[in-house]
Amino acid sequence: SILNANQNALNILGKACVGKNIADYIPDPIFLPSKDRSLRFRHELCKVNNILCTVNISSFINIDEQQVTIYFFQPIAQVQSLEYDIRKKQHFQRNIARSNFSDISGNSSALNTTIDLAKRFAQSNHPILIHGEIGTGKELFAQSIHNFSSRFSKPFVTVSCATLSRDILEREVFGYTTSQSTGDSVDGFPGLIEAADGGSIFFDEIGEMPKEIQSKLLGILQDGEVHRIGSSYSIPVDIRIIASTRHNILNLIQEGRFREDLYYRLSVLQFTIPPLRQRREDILPIAESILEEHASHSGSKPKHLSDSAKKCIISFDWPGNSRQLRNIMERICVLCDSDTISADLLKATCNDIPTTIAPTAVCKVSEREI
């Protein structure tokens, strides 16, 4: 029989439960004690008085050598509510822009012109569309724009349009009003757009966004309101949209893969990040910075590029840009047994990277070494 119950148990079992048999409330015999066995369960699902709960059960022998079983019940609705609160807090706490314009490596005129333009755009609340090849640092620019704007103290939220399925992307971006796993009604889960309220939201590779979601995003740009999935009401939001793409959006429009009206909404302000092959004078400083960074993290002595390796590294086109350059430099740090990286090792490691003769850049290196 039930010896005692706290208020939470009374709320589930009823005020008259003390003195009654626990079997009157739990129909599943696996959760009922007997003389032949003790119980030990953690976080099991069980119906208690027709209420779905998580249960923790533990049996022990008291000082009178009697078996006592303690039950801890928590209605699943409370668990879902707690999970929602935790996810909501995590959702908002991770939305921070950590990069600034000072973190962008390079000092070429092409790069400095782009940074100056991005800083000017940062002072506006209009949407920004960033064009750039893979590895040029589109998210780095987006975070820098946010931190250079009046919204710097507010959330910065990133949406990766290329890595999520349509259904998951839609739920993550717009939020929903019901539990996606059980269908039970909860307060709802805010999407990334709500998480960005007051700040900026960055749609990385927006050219990969499904057209159905493009239509909803267009509505937010027009009305400043978001509708959660399953909701009949709108929530006002104040967000600054920054988007990036490696594609030619006009080509996507012609192919029917991107909404023309959304493009004109997004491209009020737009700029292109120049690839490394268009600013070869930045290649060597970036490479040397990566070598120093690797040495600092590994606690080893920094490796250096030989004069011939420097000329080679500048002549490569780096189709993957800074991301590819980092990949190669970190690989070479592992492969190189000496303090100096030779041109032969560099060529062997970069044998699949196109080469363009850049006499002006090579000359600058040669002069600097004299």
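The values are calculated or read from the model by the stated rules, or taken from the named source; none is laboratory data. This structure is a prediction, so every number in the text was calculated from the model and none was measured. Positions of Cβ are backbone-derived with ideal geometry, glycine not excepted, and every protein chain shown enters the neighbour counts. Remember, those area values only see protein heavy atoms, side chains included, never the ligands or the DNA or RNA. Shrake-Rupley method; radii C 1.70, N 1.55, O 1.52, S 1.80 Å.
With under 19 Å from Gln67 (Cβ atoms), over 43 Å from the mean Cα position of the chain (by Cα), surrounded by 11 or more Cβ atoms within 10 Å (Cβ to Cβ) and among the charged types (D, E, K, R) as the only criterion, which of Lys35, Lys20 stands out? Let's see the steps before the verdict.
On the way: Lys35 fails: surrounded by 11 or more Cβ atoms within 10 Å (Cβ to Cβ).
Every option except Lys20 fails the conditions.
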From Phe152, Phe141, residue being part of a helix (DSSP H, G or I) and aromatic (Phe, Trp, Tyr): Phe141
task: Quickly run through the stretch 249-270 and pick out the residues that are open to solvent by 10 Å² or more (accessible area, probe 1.4 Å) and either of a type in the set (Val, Ile, Thr) or under 26 Å from Ser124 (Cβ atoms) (or both).
output: Leu250, Ile253, Arg259, Glu260, Asp261, Tyr263, Tyr264, Arg265, Ser267, Val268, Leu269, Gln270
message: Given the options Glu292, Glu281, Glu255, Glu260, name the one that is within 23 Å of Thr113 (Cβ to Cβ) and of a type in the set (Asp, Glu).
response: Glu281
statement: Scanning the stretch 234-260 for residues that are closer than 27 Å to Pro155 by Cβ and part of a helix (DSSP H, G or I) gives Ile249
statement: All-but-one check, Ala295 against (1) open to solvent by less than 70 Å² (accessible area, probe 1.4 Å); (2) part of a helix (DSSP H, G or I); (3) at pLDDT 90 or above, failing number (3)
Looking only at the stretch 220-239, and only at residues there that are free of Cβ contacts under 8 Å to residues at least 40 places away in the same chain and open to solvent by less than 90 Å² (accessible area, probe 1.4 Å), the one that is nearest to the chain's Cα centre (by Cα): Ile220
- line: Selection from the stretch 318-348 of residues of a type in the set (Lys, Arg) and either more than 29 Å from the chain's Cα centre (by Cα) or under 13 Å from Leu291 (Cα atoms) (or both) yields Arg326, Arg331, Lys347
field: Test result for Leu276, of a type in the set (A, V, I, L, M, F, W, C) and more than 28 Å from Asp317 (Cα to Cα)
entry: no
query: Ser231 fails exactly one of the following numbered conditions: (1) farther than 30 Å from Leu325 by Cβ; (2) in a helix (DSSP H, G or I). What is the number of that condition?
result: (2)
task: Could you list, in sequence order, all residues of the stretch 261-279 that are outside any helix (DSSP H, G or I) and hydroxyl-bearing (Ser, Thr, Tyr)?
output: Ser267, Thr272
- request: Check the stretch 63-84 and report whether any residue there is open to solvent by less than 60 Å² (accessible area, probe 1.4 Å), in contact with a Leu (Cβ under 8 Å, 6 or more places away or on another chain) and outside any strand (DSSP E or B).
  value: yes
- line: If we ask which residues in the stretch 106-123 are open to solvent by 20 Å² or more (accessible area, probe 1.4 Å) and modelled with pLDDT of 95 or more, their number turns out to be 10
query: Which condition does Ala162 not pass, out of (1) open to solvent by less than 30 Å² (accessible area, probe 1.4 Å); (2) in a loop (DSSP other than H, G, I, E, B); (3) at negative phi; (4) not aromatic (Phe, Trp, Tyr), if it passes all the others?
result: (1)
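Could you identify the single residue in Ile134, Ile168, Ile96 that is more than 23 Å from Gln214 (Cβ to Cβ) and among the aliphatic types (A, V, I, L, M)?
The match here is Ile96.
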message: Within the stretch 335-344, does at least one residue satisfy the condition of being modelled with pLDDT under 85 and in a helix (DSSP H, G or I)?
response: no
task: Give the number of residues within the stretch 254-289 that are over 27 Å from the mean Cα position of the chain (by Cα) and hydrophobic (A, V, I, L, M, F, W, C).
output: 2
task: Filter the stretch 219-235 down to residues that are small (Gly, Ala, Ser) and at pLDDT below 90 and give me whichever is nearest to Glu194 (Cα to Cα).
output: Ser234
